[in-house]
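Notes for the one structure printed next.
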Amino acid sequence: KEVLGAEIILPKKPLKRDSRYQRDKKRKLCKRRAAIEPIIGHLKADFRLSRNLLKGQVGDEINVLMAAMAWNLKKWLIATVIFLSLQKIGLFFVKRARILCVIV
């Protein structure tokens, strides 16, 4: 139930002696874990996280960071394309701000 100091939370049925707060807390932790697992699956399939060609523990860390950066970059690019297309159509208006530079 513990690996390298990290506690592994497994979904269990709530005990009868648990209070409402304890049951809700257990449920919330398991839902949070269930929300992350599909993302890890996509990282493995789409961003080559399942195959690591780098050596050692540092290579593992670099591989995970590169996959996470690719995931975030893809999300940002999709959001930018949507924003720019809506702005081009005219559904989203942004006033251009002028920046005044003052030299002291």
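Protection proxy ranking for 53-63, 12-22, using the average of other Cβ atoms within 10 Å per residue and placing the highest first: 53-63, 12-22. Here K75 is the anchor, and the lysines within straight C-alpha reach of less than 23 Å, apart from those fewer than 8 places off in the same chain, are K31, K44, K88. Against the chain, whose longest principal axis comes from its Cα atoms, helix 56-89 is set at around 50 degrees. If you compute Kirkwood radius over Cα pairs in Å for the structure shown, which of (1) 14.0; (2) 23.5; (3) 18.8 do you land on? Correct label, based on the coordinates given: (3). The sum of -39500 (n - 2.57) across all DSSP H runs of n ≥ 4, divided by the residue count of the chain, sets its helix-only mean residue ellipticity at 222 nm to -21000 deg cm²/dmol.
For a paramagnetic label modelled on K12 (point 7 Å from Cα along Cα→Cβ), amide N atoms under 15 Å away belong, within region 24-47, to 24-30. Atom-type composition of the exposed protein surface of the chain places 64 percent of the accessible area on carbon and sulfur (1.4 angstrom probe).
Give the angle, between 0 and 90 degrees and rounded to the nearest 10, that separates the Cα long axis of helix 20-46 from the longest principal axis of the Cα atoms of the chain. Tilt relative to the chain: about 60 degrees.
The values are calculated or read from the model by the stated rules, or taken from the named source; none is laboratory data. Here the structure is a predicted model, which means the values were calculated and not measured. Please note: Cβ atoms are built from the backbone with ideal geometry, for glycine as well, and neighbour counts cover all protein chains shown. Ligands, DNA and RNA are stripped out before the accessible areas are found, and what is left, the full protein with its side chains, is counted by its heavy atoms. Shrake-Rupley method; radii C 1.70, N 1.55, O 1.52, S 1.80 Å.
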